[in-house]
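Novice: Quick one: the structure is below, and I'll ask about it shortly.
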Amino acid sequence: RVQMISILLASSTASAAFLPSASPTVPLELSRQQSRPLLRMAASDEPAPRVRVELVAQRSAVGSLTAPQQQQESETAVGVPPPSAAVPEPPSLAQRARTPFIGLTVLATAAAVGIQSKRLYKQKVEQLLADFAATMMAYLGNDAEMAATVRSFRQQLGPGSFRERMFTKFVTALVNDKPLGVPAIQQLKKTIELMKLSEEVTAAGFADAAVELSKKPAMLGKLTFLAERAAPAAARSAELRAKFPNWDADTVGTLQRAMLENLYREMCHPLADGSEPPAGGDVLLLSPADCARLMSETQAAKKEAIRVAAEEEEERQRKALLEDAVKGSEPGDRPGE
C-alpha cells in the first residue's frame, strides 16, 4: 500500500510539471485533494494495474488545473478590446450641427403632413354634410328614407359629435329651398324627432343657422317663423329674434305677426264663401278665434275685390260705348257725305 501511494504522488507531480501554472504549489495540493478518494478505493480493494492508476491521477490533476484557468482566460477576453483596436474619434462640428437640423426637418415634415391631413378631413366632412342636407331635402316627407339617411351619414362621418352640424345644414337648406307653410313646419318638427335631438342641440343648431343667414333678413325671418312653431322652447333658447342686425325686438315681432296672418289668409283665399277655416291653425299657433277672424276677413276681402272688379269692368264697358257713340256722331262718318 505504501508503494502504491508513492507511485500515485509521483505521477501526479510529474503531470502537473508539464501544465502552465502561476504557482508550483497549487497543482500538488489540488492533485492531493483529488487523489484522496482514489487512494481510499485503492487501499480497500485489491491492487489494480499501474497504468490505470496513473491515468486516473493524471486526468484528475489536469481537470482541476485547466478548468479555472480556461474560465479566467474567457473572463479576461470578454469586455477588453484588443490592443490593435482603433480608438473611436469624437463627432466633428459638422456632425454635431447636423443633428438638430435633421430633427427640425423631421418635425417640419410631420407638421406639414398633419396640416394637410387635417385640411383634407375638414373638406370631406363639409362635403358629407352638404350631401346629407341635399339627400334629406330630396326625401322630405318620406319618414323611412329620411331616417335611413340620418343613419347612413352618421356612419360615414365617423366618431365625433356631428348631430348639431347635420341639423344646421338641414335647417339652412329647408329655409332656402322650401316655401313657408304648414308642411315646412311639420317636416322640421319630424326631422328633430328622427335625429333624436335634445333641446340644447336643437337650439345650438338654430343659432348656427341664424349666423349663416344673418346677411339675408328675409331668410332669417323665415327661420325664426319656422323654428318658433316647430320647437318653441329651443327657439327661445337660441334667441333668434335678437339675431337681426338692424331690427329691434318690436320690429321683428310686428313682422312675424304680419307673416303669420298673411300666410293664413293665403290658405283661406281658395275656399268658397261660408266654408270653415282651413286646417293648420294649430300648427301655426293660431287660436280658433284668430282662425275664424282671418277667414271672415279674407272672405270679405274677396267680396270687396269682386265688387271692385265688377265696377271696373262696368266702367270700362261704359267708356267703350261712349267712345263708339262719339265716333258715330262725327260728320265724315255719315253715309252719302
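Novice: Quick check on residue 305: is it open to solvent by less than 50 Å² (accessible area, probe 1.4 Å), in a helix (DSSP H, G or I) and of a type in the set (A, V, I, L, M, F, W, C)? Quick ask: steps written out before the conclusion?
Specialist: Details: open to solvent by less than 50 Å² (accessible area, probe 1.4 Å): no; in a helix (DSSP H, G or I): yes; of a type in the set (A, V, I, L, M, F, W, C): yes.
No, not satisfied.
Novice: In addition: I'd like to know if the stretch 133-149 contains one or more residues that are out of contact with any helix residue (DSSP H, G or I) (no Cβ under 9 Å at 6 or more places or on another chain), in a helix (DSSP H, G or I), open to solvent by 60 Å² or more (accessible area, probe 1.4 Å) and free of Cβ contacts under 8 Å to residues at least 12 places away in the same chain.
Specialist: Yes, some residue in the stretch 133-149 is out of contact with any helix residue (DSSP H, G or I) (no Cβ under 9 Å at 6 or more places or on another chain), in a helix (DSSP H, G or I), open to solvent by 60 Å² or more (accessible area, probe 1.4 Å) and free of Cβ contacts under 8 Å to residues at least 12 places away in the same chain.
Novice: Now, a different point. Going residue by residue through the stretch 245-263, is there one that turns out to be in contact with an Asp or Glu (Cβ under 9 Å, 6 or more places away or on another chain), more than 16 Å from residue 171 (Cβ to Cβ) and open to solvent by 70 Å² or more (accessible area, probe 1.4 Å)?
Specialist: Scanning the stretch 245-263 turns up no residue that is in contact with an Asp or Glu (Cβ under 9 Å, 6 or more places away or on another chain), more than 16 Å from residue 171 (Cβ to Cβ) and open to solvent by 70 Å² or more (accessible area, probe 1.4 Å).
Novice: Okay, next question. I want to confirm something. Restricting to the stretch 150-163 and keeping residues that are touching a Leu at 6+ places or on another chain (Cβ under 9 Å) and open to solvent by less than 60 Å² (accessible area, probe 1.4 Å), which single residue is nearest to residue 185 (Cα to Cα)? Spell out the reasoning first.
Specialist: Our first condition is that a residue be touching a Leu at 6+ places or on another chain (Cβ under 9 Å); within the stretch 150-163, this holds for 150, 153, 156-157, 162-163.
Filter once more, so that each one left must be open to solvent by less than 60 Å² (accessible area, probe 1.4 Å): 150, 153, 157, 162.
Values: 150: 19, 153: 23, 157: 27, 162: 23 Å.
It comes out as 150.
Novice: Looking at the stretch 267-292, which of the residues that are of a type outside the set (Asp, Glu) and over 19 Å from residue 229 (Cβ atoms) is farthest from the chain's Cα centre (by Cα)?
Specialist: Going residue by residue through the stretch 267-292, those that are of a type outside the set (Asp, Glu) are 267-272, 274-275, 277-281, 283-289, 291-292.
Adding the requirement that they be over 19 Å from residue 229 (Cβ atoms) leaves 269-272, 274-275, 292.
Details: 269: 50, 270: 50, 271: 52, 272: 56, 274: 58, 275: 55, 292: 51 Å.
Within the stretch 267-292, the match that is farthest from the chain's Cα centre (by Cα) is 274.
Novice: Would it be correct to say that residue 229 is free of Cβ contacts under 8 Å to residues at least 60 places away in the same chain and closer than 19 Å to residue 168 by Cβ?
Specialist: Working: free of Cβ contacts under 8 Å to residues at least 60 places away in the same chain: yes; closer than 19 Å to residue 168 by Cβ: yes.
Spelling it out, residue 229 is indeed free of Cβ contacts under 8 Å to residues at least 60 places away in the same chain and closer than 19 Å to residue 168 by Cβ.
Novice: Identify all residues within the stretch 283-300 that are in contact (Cβ under 8 Å) with a residue 24 or more places away in the chain and open to solvent by 60 Å² or more (accessible area, probe 1.4 Å); write none if there are none.
Specialist: 285, 297
Novice: Provide a single number: the residues in the stretch 163-197 that are farther than 25 Å from residue 125 by Cα and not in a helix (DSSP H, G or I).
Specialist: The total comes to 3.
Novice: Is it true that some residue in the stretch 112-120 is surrounded by fewer than 19 Cβ atoms within 10 Å (Cβ to Cβ), among the small types (Gly, Ala, Ser) and part of a loop (DSSP other than H, G, I, E, B)? I'd like the intermediate steps shown before the answer.
Specialist: Restricting attention to the stretch 112-120, the residues satisfying the condition of being surrounded by fewer than 19 Cβ atoms within 10 Å (Cβ to Cβ) are 112-120.
Among the residues that remain, those that are also among the small types (Gly, Ala, Ser) are: 112, 114, 117.
Still in the running and part of a loop (DSSP other than H, G, I, E, B): none.
The answer is no, given that none of the residues of the stretch 112-120 is surrounded by fewer than 19 Cβ atoms within 10 Å (Cβ to Cβ), among the small types (Gly, Ala, Ser) and part of a loop (DSSP other than H, G, I, E, B).
The values are calculated or read from the model by the stated rules, or taken from the named source; none is laboratory data. The model shown is predicted, which means the values in this text are computed figures rather than measured ones. Quick reminder, even Gly has a Cβ in these numbers, built from the backbone with ideal geometry, and neighbours come from all protein chains shown. Just so you know, the surface numbers come from the protein's heavy atoms only, side chains and all, with ligands and any DNA or RNA stripped out. Shrake-Rupley method; radii C 1.70, N 1.55, O 1.52, S 1.80 Å.
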